[in-house]
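Structure, as structure tokens:
The values are calculated or read from the model by the stated rules, or taken from the named source; none is laboratory data. Computed from a predicted structure; not experimentally measured. Note that each Cβ is placed from the backbone with ideal geometry, even for glycine, and that neighbours are counted across all protein chains shown.
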């Protein structure tokens, strides 16, 4: 009894620990305090007899104005709460290195992202089950989308600004507040956008969060409309329950590697080696599971540092092989991002979050699925990954992806914004960011060193498959066509970037390709590096998110998603984590 009283006092008075104050052993250790890690921590700690430790490399950013502000989300990029990764030289994108943004704070990337709340397409989630993951479909995941969400209905002013929604597509009692910003641009602009897209035969989508994203709309955002601040994962899933005595958060603490028990058969985690902010190296012990939720760029690196990987990689750095699993870190998929900037004869003092999602037939004039050679694409990707994932497996997966494209799943996203969205204040500029949604190119994330402080090698392999370049060019032409079509054309005075001197109106395919390769940036939507699929296809985790060859290690974050999605990642990551928490609870 005295021990229980001490335990309650300890956790209430010291929610964030130092290395001198922790339990001898936790039931669960979660690595990563982003949307997945905090969701799982919240749900597991609902059980009062279960102890949970969560390790986060960053600190508390709850009062950081770059985090709380709903305007100018890019202001946090490149700051101390951004990991500030850099890719390897992109040999198919003019040899450039590309910046990668990832949140380093309690709340993870939800502290620095664009706050976009757009779910995946139904058939994309269904494809997860189709490749051998029973229990994963849109119908299986949709209840968890709803469980995580607390939707705020729009105001009359927001409705007059072009907002639309379908009530049945939203949850109203979850931890995550979702709604629309107060600063939405009013007046006639939304009518101009609608008229222009309709002239291009793209319909209005009343609500993209019902599992069908094609069309144009004003998207929903992760924000607290009452307080008018960003709704990051910490604010949604941690702050309301931070007094729980069985949940212990370690901030400014790095997870170095998993520590293993000596047991026969499957590799069994005994805990996690950590480095505290003062440089002290210690071990947190666990009795049940280690859950990696460090994201697509970090979770595979932690597995590798722990001896779960391709022996040829581990041996280079003197790391003992615990599980021979070469697919760790492979299957990286990200979306190449580009943008146009225009000057206008109007001054805009509000924000817009219009988005258009187009299927191949919407923007690709020569679209003919019979021209796609998935056998060739698979051979190219397999050669690039040294056949770590076989061409046969890749071709099977690529045919699933091709079928999604054939069925009309959107493969293009273009966003229309004012400069106010970027924190630049009211001005006469409009811009579009746009990207390919489902690339066939695949890259990797791997360690460069046995030092856990060393950043991993990130190679998205943009445009490894030529078809991706063709699609990105077609999307760029479609986006430029939008700005040059009435009614939008009447507002535009000049194209500022790239401008017609760099990319002429009658540019050749070679000029388009050169511009795309040299101007491309990362969308920072990486996934797939610990893919949930059968091991023989290149999977890292099974349908229960358990790492193959281990007894008690799971991965719960975007890295388990086997294919890119036509929405944005955070909404689906929350849903995956909610489902994962239920799966874990079923074992207790």
Discussion item. Tell me whether the range 174-191 contains one or more residues that are touching a residue at least 24 places away in the same chain (Cβ under 8 Å), closer than 30 Å to residue 404 by Cα and over 21 Å from the mean Cα position of the chain (by Cα).
Written reply: no
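Can we say residue 450 is free of Cβ contacts under 8 Å to residues at least 24 places away in the same chain, farther than 30 Å from residue 188 by Cβ and in contact with a helix residue (DSSP H, G or I) (Cβ under 8 Å, 6 or more places away or on another chain)? First the steps, then the outcome.
Working: free of Cβ contacts under 8 Å to residues at least 24 places away in the same chain: no; farther than 30 Å from residue 188 by Cβ: yes; in contact with a helix residue (DSSP H, G or I) (Cβ under 8 Å, 6 or more places away or on another chain): yes.
For residue 450, the condition - free of Cβ contacts under 8 Å to residues at least 24 places away in the same chain, farther than 30 Å from residue 188 by Cβ and in contact with a helix residue (DSSP H, G or I) (Cβ under 8 Å, 6 or more places away or on another chain) - is not met.
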Worksheet item: Give me the pairs: first residue in the range 275-287 and surrounded by 12 or more Cβ atoms within 10 Å (Cβ to Cβ), second residue at pLDDT 95 or above and outside any strand (DSSP E or B), beta-carbon distance under 6 Å, and six or more apart or on different chains, which are they?
Response: 276/253; 277/252; 285/25; 287/25
Item to complete: Could you check, for the range 91-103, whether at least one of its residues is within 20 Å of the chain's Cα centre (by Cα), surrounded by fewer than 20 Cβ atoms within 10 Å (Cβ to Cβ) and assigned to a strand (DSSP E or B)?
Response: yes
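Hey, any hits in the range 64-75 for a residue that's assigned to a loop (DSSP other than H, G, I, E, B), under 21 Å from the mean Cα position of the chain (by Cα), more than 20 Å from residue 176 (Cα to Cα) and modelled with pLDDT under 95? Don't jump to the end; show me each part of the working.
Narrowing the range 64-75 to residues assigned to a loop (DSSP other than H, G, I, E, B): 64, 69-72.
From what's left, under 21 Å from the mean Cα position of the chain (by Cα): 69-72.
Next, only the ones that are more than 20 Å from residue 176 (Cα to Cα) stay: 72.
Retained after the next criterion (residues that are modelled with pLDDT under 95): 72.
The answer is yes, given that some residue of the range 64-75 is assigned to a loop (DSSP other than H, G, I, E, B), under 21 Å from the mean Cα position of the chain (by Cα), more than 20 Å from residue 176 (Cα to Cα) and modelled with pLDDT under 95.
Take the range 322-341 and flag every residue that is within 20 Å of residue 479 (Cβ to Cβ) and either under 19 Å from the mean Cα position of the chain (by Cα) or surrounded by fewer than 21 Cβ atoms within 10 Å (Cβ to Cβ) (or both).
Matches in the range 322-341: 334, 335, 336, 337, 338, 339, 341.
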Worksheet item: Can you tell me which residue in the range 282-301 is nearest to the chain's Cα centre (by Cα), limited to those that are closer than 24 Å to residue 85 by Cα and not in a loop (DSSP other than H, G, I, E, B)?
Response: 299
Worksheet item: Out of all the residues in the range 545-588, which are touching a helix residue (DSSP H, G or I) at 6+ places or on another chain (Cβ under 6 Å), part of a loop (DSSP other than H, G, I, E, B) and over 22 Å from residue 409 (Cα atoms)?
Response: 545, 548, 556, 557
Worksheet item: Can you name the strands (runs of 3 or more DSSP E) wholly within the range 419-536 that have at least 3 residues being surrounded by fewer than 18 Cβ atoms within 10 Å (Cβ to Cβ)?
Response: 492-497
Worksheet item: Taking residue 346 and the conditions (1) more than 28 Å from the chain's Cα centre (by Cα); (2) buried (at least 19 other Cβ atoms within 10 Å of the Cβ); (3) over 30 Å from residue 549 (Cβ atoms), which numbered condition does it fall short on, given that it satisfies the others?
Response: (2)
Practice prompt. Take the range 142-162 and flag every residue that is in contact with a helix residue (DSSP H, G or I) (Cβ under 6 Å, 6 or more places away or on another chain) and under 19 Å from residue 122 (Cβ atoms).
Written response: 144, 145, 147, 148
